[in-house]
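Remarks on the structure that follows.
The values are calculated or read from the model by the stated rules, or taken from the named source; none is laboratory data. Predicted model, so just to flag it, every value in this text is computed and none were measured. All Cβ positions, glycine included, derive from the backbone under ideal geometry; neighbour counts span all protein chains shown. Remember, those area values only see protein heavy atoms, side chains included, never the ligands or the DNA or RNA. Shrake-Rupley method; radii C 1.70, N 1.55, O 1.52, S 1.80 Å.
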Amino acid sequence: MRGKPFLLFFLFCILIIPISANAYTGTLLDRDGGIGNSTHYLEESPNISLDPKIKEIIDPVFAKPAIKEAGETLVIKVDTGGELPGGWKASLTNIENSPLKNTYDLPVNQTKEGTSYWKDSSSIYEIVVSIPKDIPEQLYDLNISYTSNGKRITDKQPHAVKVIKKYKKNFTFMHLTDLHVGSPRNLNNPENTVEAGFWNPDKSKRWLYLQKAMREVNLLQPDFVVVTGDLMFGQMNPQEYIYEYEETYRMLKKFNVPIYLVPGNHDYYAQDATLADGAKYWEKYFGPQYFSFDYGPYAHMIGYNSFDWHKFDRSGHGTVSVPTWGGQVRQQQMEWIKKDLIQNEKTKIPSQVTGLFSHHNPLWRDRDIWPEADSNVQQYWKEYDLQHNPQRLDTLLLGEKLGTQYDQQWHGEGAHELIDLMEQHGVDISLHGHTHIDNISKQNGILYSTTAAIELTGKPWVGFRLFEKDQQGFNSYIYEEPHNSMPVYQDGNTSTGVMSLESYYEKPNDGTAASQKATVYNRYNKAITVTLPFYMKPGDYKTSSGSIVNELDNSDMHYLEVKVTIPANSTSSIEVN
């Protein structure tokens with residue numbers, strides 16, 4: 001995303017986060033731009049990241065989980081790193097931030113050699129397991145183990161499986177974008193310093209704006225969430241991805257719902273001679289850059305990488321300076337998207353929702369937006385058409401100059417072909433970010449939704465969208481006309497720190513109480529339905545309002561979920577006894 005310049009707090013920023021000696025070479029802007037002078041880019045680095053998260057399990061993973069009904073089968077893909085495996089075991093365990101500590105074994109039905117379109121390996125195995133019918137409806141960590149060369153190998157993918165009782169025809173999902181963990185732009189307005197929580201030594205106070213957005217999502221409990229890139233900043237110094245990927249991963253684990261992640265330009269820069277290639281980091285932390293998933297028969301969603309550039313074209317100097325930040329999809333990925341849409345049509349039911357999501361919106365092409373009368377624009381497209389993928393350095397520099405003047409939206413190839421594919425294959429919805437603003441467009445039967453940033457630069461406010469499916473289609477994605485998202489903060493005012501939706505428990509919600517009261521504050525101008533988790537002592541319980549939609553008896557704890565609708569601009573208390 002591009003933005004407006006800022007200078008306030010820059011010295012504060014460089015005192016708090018590690019920045020290399022050559023990190024700052026000019027005026028810091030809250031936009032991209034510029035390029036380094038290195039042309040030496042290696043494909044591998046001996047220290048690609050501090051703690052890679054993608055190891056043996058390559059599907060499903062944290063950033064691309066599986067949603068399954070209890071009683072269904074699940075295919076787990078594992079890369080054994082060239083070793084011959086045996087003695088397979090699989091299980092589900094409650095996620096780390098849940099007071100429940102249960103383990104459920106998954107019977108192994110079949111093991112066979114497999115393949116992967118994104119992981120280059122000749123030792124991938126597919127493990128077909130059954131999900132027992134009595135597993136409670138929860139989000140789970142996935143565990144796998146096997147024996148190889150006399151050693152027991154184990155791996156875990158957090159939040160990788162959501163078990164549900166039944167797929168809902170009228171499902172809900174949410175769209176978030178441009179989280180920008182590590183972004184100094186959150187300090188543009190000094191009044192937002194507390195909400196920014198910019199590398200606060202107290203981790204509980206870091207990135208409060210993001211924490212609050214996640215708390216609201218957890219209260220709304222959609223069936224799934226899509227996040228369309230720019231999860232971090234990636235422009236302060238060449239070593240930045242080392243700690244920003246780790247910090248972003250830590251933060252995203254605070255979600256209690258399945259999340260699906262695709263990269264944006266800020267996640268994917270190649271920081272020249274330091275070998276810090278964002279594409280490599282993404283693969284090590286989140287896995288595939290593009291994928292599809294199903295919500296039963298009722299939704300088929302394709303997430304794709306719209307910052308699909310040659311490494312040289314997305315290279316930077318390890319500072320705020322980068323030459324390319326606009327969108328592109330190259331032919332290899334386009335062919336995969338086409339094949340996936342064709343395959344989906346073979347089993348698609350009439351009521352299925354088909355959606356695509358990415359960082360950049362293909363409707364907004366720079367070739368259409370940049371003024372044709374500008375002689376520099378004419379020269380740029382002439383040079384670009386002569387050579388791209390990669391471009392020449394002088395062409396990149398001219399593109400950066402023009403981008404600084406006119407911005408970069410969809411800058412490269414693939415926009416028209418992508419739109420044609422969506423129209424040919426009955427796509428219903430296309431979700432995007434990048435601009436940090438809200439916009440809704442409809443074209444040839446497709447809803448194109450761009451959502452404001454979660455970063456504190458979001459306009460008209462920091463926001464997200466809630467999509468609720470009914471017989472007529474989707475509703476609720478416009479909170480306020482003409483196309484505004486739901487504000488994370490009351491009335492969009494970030495400086496007060498007051499959330500639009502929040503809940504508090506009277507007692508610790510950890511299984512030690514025999515009675516409990518939760519108070520929910522709804523500061524939206526509309527009624528909101530929330531789902532509240534209660535962790536109680538063993539026993540039988542009733543709720544004072546709402547309905548119990550999920551319940552689980554443990555030997556040491558009783559768990560129940562209460563679903564309740566809170567009227568607009570009101571406070572409600574829910575008691576469980």
Quick one: ranking His388, His483 by accessible area, 1.4 Å probe, largest first, what do you get?
His388, His483
Using square roots of five times the C-alpha gyration tensor eigenvalues, list the equivalent-ellipsoid semi-axes of the range 57-164 in whole Å, biggest first.
23, 14, 13
For the chain, what is the convex hull volume of the alpha-carbon atoms per residue, in Å³?
158
How large is the dipole of the chain about the Cα centre if only Lys and Arg carry +1 and Asp and Glu carry -1, each at its Cβ, rounded to the nearest 20 debye?
1040
Take the cross-link list Lys166/Lys563; Lys212/Lys469; Lys133/Lys537; Lys156/Lys203; Lys77/Lys156; Lys112/Lys133 and give me the ones stretching past 19 Å between alpha-carbons.
Lys212/Lys469; Lys133/Lys537; Lys156/Lys203; Lys112/Lys133
For the range 502-576, what is the charge dipole size about the Cα centre, in debye to the nearest 20, if Lys and Arg each add +1 at the Cβ and Asp and Glu each add -1 at the Cβ?
360
If only Cα atoms are counted, what is the Rg of the range 502-576, and what is its Dmax, in Å?
12.4, 42
Mean accessible area per residue over the range 502-576 (1.4 angstrom probe, all protein chains present, square angstrom) is 47
Using a 1.4 Å probe, what is the accessible area per residue for the range 57-164, in Å²?
43
Net dipole in debye of the range 57-164 [+1 Lys, Arg Cβ; -1 Asp, Glu Cβ; about Cα centre; nearest 20]:
140
SASA check, His416, accessible area w/ 1.4 Å probe, all protein chains in place, rounded to nearest 10 Å², comes out at 110
Rounded to the nearest 10, the angle in degrees between the Cα long axis of helix 393-406 and the longest principal axis of the Cα atoms of the chain comes to 70
Once Lys and Arg get +1 and Asp and Glu get -1 on their Cβ, which of Phe534, Tyr281, Leu220 lies farthest toward the positive end of the dipole of the chain?
Phe534
Virtual paramagnetic centre 7 Å along Cα→Cβ of Ser515, amide N under 16 Å, in the range 550-577:
573-577
If unit charges are put on Cβ atoms (+1 for Lys and Arg, -1 for Asp and Glu) and the dipole of the chain is taken about its Cα centre, the option from Ala415, Trp207, Pro567 lying farthest towards the positive end turns out to be Pro567
Could you order peptides 232-238, 465-471, 452-458, 278-284 by the average number of other Cβ atoms within 10 Å of their residues, highest first?
452-458, 232-238, 278-284, 465-471
Three principal axis lengths of the range 389-439 [C-alpha, angstrom, descending]
41, 27, 12
At Asn475 and Gln332, where each label point lies 7 Å from the Cα along Cα→Cβ, what is the point-to-point distance in nanometres?
4.6
What angle, in degrees between 0 and 90 and rounded to the nearest 10, separates the Cα long axis of helix 331-345 from the longest principal axis of the Cα atoms of the chain?
30
Does anyone have the angle between helix 208-220 and the longest principal axis of the chain? Alpha-carbon axes, 0 to 90°, nearest 10?
40
Could you work out how far the C-alpha centroid of the range 252-295 sits from that of the range 371-424, in angstrom?
24
Give me the 1.4 Å probe accessible area per residue for the range 355-400, excluding ligands and nucleic acids, in Å².
46
Counting only DSSP beta bridges with both residues in the chain, what percent are antiparallel, rounded to the nearest 5?
75
Pairwise FRET efficiency - Asn577 versus Thr115, Cβ, R0 = 45 Å, nearest 0.05
0.25
Just how far, in whole angstrom, is the range 551-577 from the range 470-525 if you go by their alpha carbon centroids?
15
Counting only protein heavy atoms and using a 1.4 Å probe, what share of the accessible area of the chain belongs to carbon plus sulfur, as a whole percent?
49
